[in-house]
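Report on the structure given below.
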Amino acid sequence: MNAPHHDDTASTTGPEGPDASLHRRGIKSYVLRAGRMTAAQTRGLEEVWPRLGLTLADGRQDLEALFGRQAPRVVEIGFGMGASLIEQAETHPDTDFIGIEVHAPGVGKLLDEADKRGLTNLRVYREDALAVLEQCLPEASLDTLQLFFPDPWPKKKHHKRRIVQPAFVVLVRTRLKPGGTLHMATDWEAYAEWMAGVMDEALGYANTASPETAPYVPRPAFRPLTKFEARGERLGHGVWDLIYRRVD
Ligand SMILES: C[S@@+](CC[C@H](N)C(=O)[O-])C[C@H]1O[C@@H](n2cnc3c(N)ncnc32)[C@H](O)[C@@H]1O
């Protein structure tokens, strides 16, 4: 809180006041858990990685050259075990997808599945998404950036770890094409309210929600229903979707 601005573009304020580049400040929105890898996940990381994996060291990407075509582009941050991203890449072969996740078993699983299904429209970073956005993805290059069920960091003292911060949405906006969308979903009502609060203050975005449901949109059919979410639905838990369009 109340960190000095490092960057004039990060001059919006959110529920906890002014913020600056999260990546440069070193605040992590995740905790790296030690997880045992299955044989399939190891295979993904070892055998499929050379074909579909990307690193910060690759530098700024030319996305048209990377995929060998001009197609709509979607980036998903924090894809977990990748079920939703795999399903989207498979059902939308005419769209190119980039997943970013720090959790090795999830990256391994996604790579293994992508290979088994013969997907050519998917690439993966095993890095902090903030660094990838800042260092690797070109400006105005994305049609959609999706953030599904980010860690809610419920305790007040951990709110600074939430990935959705004023500086984050400023950065995301620079990577979206004009008219491109930021799609967030959460099952944590207080985080949904936080997201709406950050976006209310952000410049250059328009909420796509209708007045009847604003600031939220009904769950879009194109967002795959994960096992986790289906279970939550059965238990009567809520899910909130927020979709904002980049406007100039
Ligand atoms: C609560 S999980 C949700 C996973 C998945 N989207 C789902 O719906 O099942 C949040 C994920 O975001 C990842 N994550 C959090 N911050 C990240 C960051 N800065 N860069 C990349 N991944 C991140 C975590 O490793 C974790 O797997």
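The set of residues from the range 41-94 being surrounded by 14 or more Cβ atoms within 10 Å (Cβ to Cβ), within 16 Å of the ligand (Cβ to nearest atom) and in a loop (DSSP other than H, G, I, E, B) comprises G78, F79, G80, M81, G82.
Sort out which residues of the range 97-152 are more than 10 Å from the ligand (Cβ to nearest atom) and within 18 Å of R33 (Cβ to Cβ), and write them in order of number.
We begin by selecting, within the range 97-152, every residue more than 10 Å from the ligand (Cβ to nearest atom); these are 97-98, 108-124, 134-145.
Answer for the range 97-152, where residues must be more than 10 Å from the ligand (Cβ to nearest atom) and within 18 Å of R33 (Cβ to Cβ): G108, K109, L110.
Among the residues making up the range 95-147, none is open to solvent by less than 10 Å² (accessible area, probe 1.4 Å), assigned to a strand (DSSP E or B), of a type in the set (D, E) and touching a Gly at 6+ places or on another chain (Cβ under 7 Å). When the residues of the range 210-248 are filtered to those that are of a type in the set (D, E, K, R) and in a loop (DSSP other than H, G, I, E, B), which remaining residue is modelled with the lowest pLDDT? Filtering the range 210-248 for residues that are of a type in the set (D, E, K, R) and in a loop (DSSP other than H, G, I, E, B), the one modelled with the lowest pLDDT comes out as D248. Scanning the range 151-209 for residues that are open to solvent by less than 50 Å² (accessible area, probe 1.4 Å), among the polar types (S, T, N, Q) and not in a strand (DSSP E or B) returns Q165, T174.
The values are calculated or read from the model by the stated rules, or taken from the named source; none is laboratory data. Computed from a predicted model, the values in this text were never measured in an experiment. Positions of Cβ are backbone-derived with ideal geometry, glycine not excepted, and every protein chain shown enters the neighbour counts. Heavy atoms of the whole protein, side chains included, go into the accessibility calculation; ligands, DNA and RNA do not. Shrake-Rupley method; radii C 1.70, N 1.55, O 1.52, S 1.80 Å.
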